[in-house]
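The values are calculated or read from the model by the stated rules, or taken from the named source; none is laboratory data. None of the values given here were measured: they were computed from a predicted structure. Cβ: placed from backbone, ideal geometry, glycine included. Neighbour counts: every protein chain shown.
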Amino acid sequence: MSFAFFRNLTKPRPAPVEEREHHVAGRTLPLRIVENERARRLTLRIDAGGQGLRITVPPGLRQGEVERFLSRHQGWLEQRLAKVPDRPQVRPGIKVPVRGVPHRIVHEPGKRGTVVVGNDDTGPTLTIHGDRLHLPRRVADFLKREAKRDIEALVQRHTGAIGRKAKSIRFKDTSSRWGSCTADGNLSFSWRIMMAPPPVINYLVAHEVAHLKEMNHGPKFWKLCAELCPDTERCKAWLKKNGGALQAIAFD
């Protein structure tokens, strides 16, 4: 099998993708093999939280090369995946951070399905009412609502500072990135960022808003990002160190 595809000369073609499973370190992970016209070599990436693998390949690469590449990097994958935190399942008793502060999950089934932020003798709590089966989804929905409120306000503040407008603001649960900005001004954010401390949330929004003016990661972009968020370097380092643990929390 080859990854060579016919070219469409009238419009850009989508990147060809093969999806399958790969067994490594006692796990079965989804593997995406993506052809990229600009790629000059194979690259391998582990998705945040160790939830999947992605290989980027140059055009026309034969399947055998991909298999040999995976075989050569099996040891590297095992070492890296061993460092990935376990996927804690959202359930009563577990602590889930909200704006960087751990909140213990309390389940009270006798009331309608709502979420109440409070405190008890153990510290901050999230009390989830309703059926136990729906508890993880209700916690996720709570974080989505909080993300919408905080991030929309931050987008308004930062876009006002640079004199640009966002076409739309969307919230997703992505495993490969925390946010994105399209050329036509659509901003997307992972609602999981609401588990990070407020300065990190602000940094992520400043980062994506800066792309409305600088669609790259060059010196002008980072200068603008630092103007919007003076804590850029510290927050970027925090997200790099701790982001995997936030992505690993299972809300399904």
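With the checklist (1) in a helix (DSSP H, G or I); (2) closer than 26 Å to V101 by Cβ; (3) among the acidic types (D, E) in hand, flag the one item E227 doesn't pass.
(2)
Could you tell me whether the range 185-203 includes any residue that is surrounded by 22 or more Cβ atoms within 10 Å (Cβ to Cβ), free of Cβ contacts under 8 Å to residues at least 40 places away in the same chain and assigned to a helix (DSSP H, G or I)?
Within the range 185-203 (the criterion being surrounded by 22 or more Cβ atoms within 10 Å (Cβ to Cβ), free of Cβ contacts under 8 Å to residues at least 40 places away in the same chain and assigned to a helix (DSSP H, G or I)), the answer is yes, since at least one residue qualifies.
Name every residue in the range 204-226 that is farther than 15 Å from I169 by Cα and free of Cβ contacts under 8 Å to residues at least 40 places away in the same chain, in order of residue number.
E214, M215, N216, H217, G218, P219, K220, F221, W222, K223, C225, A226
Being of a type outside the set (D, E, K, R), buried (at least 18 other Cβ atoms within 10 Å of the Cβ) and in contact with a strand residue (DSSP E or B) (Cβ under 7 Å, 6 or more places away or on another chain) is the filter here, so list the residues in the range 47-68 that pass it.
G52, L53, I55, V57, V66
Scan the range 232-244 and give yes if some residue there is among the β-branched types (V, I, T), more than 12 Å from the chain's Cα centre (by Cα) and either surrounded by fewer than 17 Cβ atoms within 10 Å (Cβ to Cβ) or in a helix (DSSP H, G or I) (or both), otherwise no.
yes
Suppose we filter V98, V90 for residues that are within 18 Å of G50 (Cα to Cα), surrounded by 13 or more Cβ atoms within 10 Å (Cβ to Cβ) and of a type in the set (A, V, I, L, M, F, W, C); which single one remains?
From the options V98, V90, the qualifying one is V90.
Condition first: on the phi > 0 side of the Ramachandran plot and in contact (Cβ under 8 Å) with a residue 24 or more places away in the chain. Now tell me which residues in the range 99-146 satisfy that.
Correct list: R99, G100.
Name, by its number, the condition in (1) touching a residue at least 12 places away in the same chain (Cβ under 8 Å); (2) part of a strand (DSSP E or B) that does not hold for R80.
Every condition holds for R80 apart from (2).
Given (1) assigned to a strand (DSSP E or B); (2) within 21 Å of L143 (Cβ to Cβ); (3) not assigned by TED's automatic domain parsing to the domain that holds A140, identify the lone condition not met by R87.
Of the numbered conditions (1) assigned to a strand (DSSP E or B); (2) within 21 Å of L143 (Cβ to Cβ); (3) not assigned by TED's automatic domain parsing to the domain that holds A140, the odd one out for R87 is (1).
Determine if the range 99-106 includes at least one residue that is within 22 Å of G244 (Cα to Cα), out of contact with any Lys or Arg (no Cβ under 8 Å at 6 or more places or on another chain) and not assigned by TED's automatic domain parsing to the domain that holds V200.
So far as the range 99-106 goes, no, none of its residues is within 22 Å of G244 (Cα to Cα), out of contact with any Lys or Arg (no Cβ under 8 Å at 6 or more places or on another chain) and not assigned by TED's automatic domain parsing to the domain that holds V200.
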